[in-house]
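Trainee: Before we start, here is the structure in question, set down as structure tokens.
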Amino acid sequence: MSWHQTPIALMAKALAAKEVSSVELTQYFLSRIEAGKHWNAYLDVSAHLSLDQASKADKIIASGKAGKLTGIPVAHKDVFVTRGWKSTAASKMLEGYLSPFDATVVSNLGIPDELNPNGAGMVCLGKTNMDEFAMGSSTENSGYGPTFNPWDLTRTPGGSSGGSAAAVSAFEAPLAIGSDTGGSIRQPAALTGIVGVRPTYGAVSRFGLIAYSSSLDQAGPFGRTVLDTALLHEAMAGHDAKDATSINAAVPAVVEAAKNGNVKGMKIGVIKQLQGEGYQKGVQTRFTESLDLLASLGADIVEV
């Protein structure tokens, strides 16, 4: 089975139906990570920790208490502190640092335990490469070497969340999380051909996210489809009393919005400078085709 090409909802159904175990699924992606080391998407992979979490996820599934994403593997950008895995923000200054606690996003997604009773039950595959302390837009500025674009090793995957984007694009993870200060999720998603979302500021907790600019930093999801990304978004978001900027409101129904897919009547602003000179012909063509498709579906395209 080509699990790396399977949509998340179908992967979850296969886990629930015992067609595959979380241990088998996790080992499948760990093998892909090992085979794809030349992309340098990961900084820390600890197979025994991942497989231990997968074993716990299988027990949750067997008990009938699984959630939407229980047993699904996910990769974390190295800017999120994570118990068990090294948390370095891709800097030699933090080389070998092991955090005693998880970032709230990591807890929200992780295996439930006494410290984290409400986790989604996902399995951590490892920590992904990034521009050091998120200061960059290419993932060439890592203390542990650059990440390469899986589509073309002569090009960058963008940044600073380039490791997470490359991992998803190269099928080394079904889902991943990144952080965005001025484009560090959106830009690498575009450069690697996947989906990336910067949620509204405060919609996802910043607690445990090694700060670059606290007034702008925001955690967000990567996936290969809009629906996959929405599923991760809903699981990682929510109010957090540990973050003073966290929005104290219910998480919007982004999964239902993704399933609906209706853009009729939606007003979409297009920046004039995103067209014209300075862009490769293929990029400009795809951009224009996307606008034409949205217009054909009833969206109102407005230049700003």
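Trainee: With both partners inside the chain, how many of the DSSP beta bridges are antiparallel, as a percent to the nearest 5?
Mentor: Around 55 percent of the beta bridges assigned by DSSP in the chain are antiparallel ones.
Trainee: With a 1.4 Å probe and every protein chain kept in, tell me what percent of the accessible surface of the range 1-82 is carbon plus sulfur.
Mentor: Solvent-exposed carbon and sulfur of the range 1-82 make up 55 percent of the total.
Trainee: Counting only heavy atoms of protein chains, what accessible area per residue, in Å², does the range 149-304 have with a probe of 1.4 Å?
Mentor: With all protein chains present, the range 149-304 gives 50 Å² per residue.
Trainee: Here's another thing I want to ask about it. Based on the alpha carbon coordinates of the range 52-148, what radius of gyration and maximum Cα-Cα distance (Dmax) apply, in Å?
Mentor: Radius of gyration, then largest Cα-Cα span, for the range 52-148: 14.9, 45 Å.
Trainee: Taking every pair of Cα atoms in the range 127-233, average 1/r, invert it to obtain the Kirkwood radius, and report Rg/Rh to two decimals.
Mentor: Radius of gyration relative to Kirkwood radius: 0.94.
Trainee: Based on the Cα coordinates of the range 1-124, what is the per residue volume of their convex hull in Å³?
Mentor: Enclosed volume per residue, from the Cα hull, is 102 Å³.
Trainee: Per the Cauchy relation, a quarter of the hull surface: what is the mean projected area of the convex hull of the alpha carbons in the chain, in nm²?
Mentor: So the Cα hull casts an average projection of 15.9 nm².
Trainee: Which percent of the accessible area of the range 137-210 is formed by carbon and sulfur heavy atoms (probe 1.4 angstrom)?
Mentor: 57
Trainee: For the range 75-122, treating each Cα as an identical point scatterer without solvent, what Debye log10 I(q)/I(0) comes out at q = 0.13, 0.17, 0.23, 0.31 1/Å?
Mentor: -0.29, -0.47, -0.77, -1.13
Trainee: Shifting gears a bit: Quick check for you: with a 1.4 Å probe and neighbouring chains kept, what is the accessible area per residue of the range 23-112, in Å²?
Mentor: Using a 1.4 Å probe on heavy atoms only, each residue of the range 23-112 averages 43 Å².
Trainee: Can you give the FRET efficiency for residue 118 and residue 98, using 1/(1 + (r/R0)^6), R0 = 41 Å, r = Cβ-Cβ distance, to the nearest 0.05?
Mentor: The value I calculate is 0.95.
Trainee: Let me ask another. Note the direction-averaged projected area, equal to a quarter of the hull surface, for the Cα convex hull of the range 1-53, in nm².
Mentor: 4.1
The values are calculated or read from the model by the stated rules, or taken from the named source; none is laboratory data. Keep in mind it's a predicted model, so treat the numbers as computed, not measured. Ideal geometry is used to build each Cβ from the backbone, glycine not excepted, and the neighbour counts take in all protein chains shown. Heads up: the accessible areas ignore ligands, DNA and RNA and are worked out on the full protein's heavy atoms, side chains in. Shrake-Rupley method; radii C 1.70, N 1.55, O 1.52, S 1.80 Å.
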